[in-house]
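To keep things clear, I will list the structure first and then write my remarks on it.
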Amino acid sequence: MEIIGMGFVAFFMLLGSFLGRILGQFIGTGGDVGGVGLAMLFMVLAVNYLENKRGRVFKERTENGIKFLSALYIPIIVAMAARLNVVGAINGGLVAILAGGLATVGAMFLVPLLSKLKK
């Protein structure tokens, strides 16, 4: 069922968030440090282990639940991180805003160049 796939993702999100908060406390930031990345890493490792080592493959409906949440998960996390980066840049001053702006403009100019190199 799709709900099992969603539960699978939720379990690893809780585990990653918990470990990210512990890591944040350990280094002194007081927040979640890398919880989402840890959750994604644990999920990839668990799926790889279940499929390759044990010969167990998820049913199609379970995979649909995982795919559904992954389609929502990454854009939401990127939006949350972008919001935090903008707030941090504004609080950080002009140098942080200029560095972010220059990196963004530079990346925009590299897109046509990279597309020509691909051809």
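For ILE77, the conditions (1) closer than 16 Å to MET6 by Cα; (2) modelled with pLDDT under 75 all hold with the exception of (1). For the range 28-67, taking the residues that are at pLDDT below 75 and hydrophobic (A, V, I, L, M, F, W, C), the one that is nearest to the chain's Cα centre (by Cα) is identified as ILE66.
Of the residues making up the range 7-23, those that are surrounded by fewer than 17 Cβ atoms within 10 Å (Cβ to Cβ) and either within 19 Å of LYS59 (Cα to Cα) or in contact with a Pro (Cβ under 7 Å, 6 or more places away or on another chain) (or both) are GLY7, ALA10, PHE11. Scanning the range 24-58 for residues that are touching a Leu at 6+ places or on another chain (Cβ under 8 Å) and assigned to a helix (DSSP H, G or I), we see that the one that is surrounded by the most Cβ atoms within 10 Å (Cβ to Cβ) is ALA39.
The values are calculated or read from the model by the stated rules, or taken from the named source; none is laboratory data. Remember, predicted model here, so these are calculated numbers, not experimental data. When we count neighbours, we look across all protein chains shown, and the Cβ atoms used for this are built from the backbone with ideal geometry, even at glycine.
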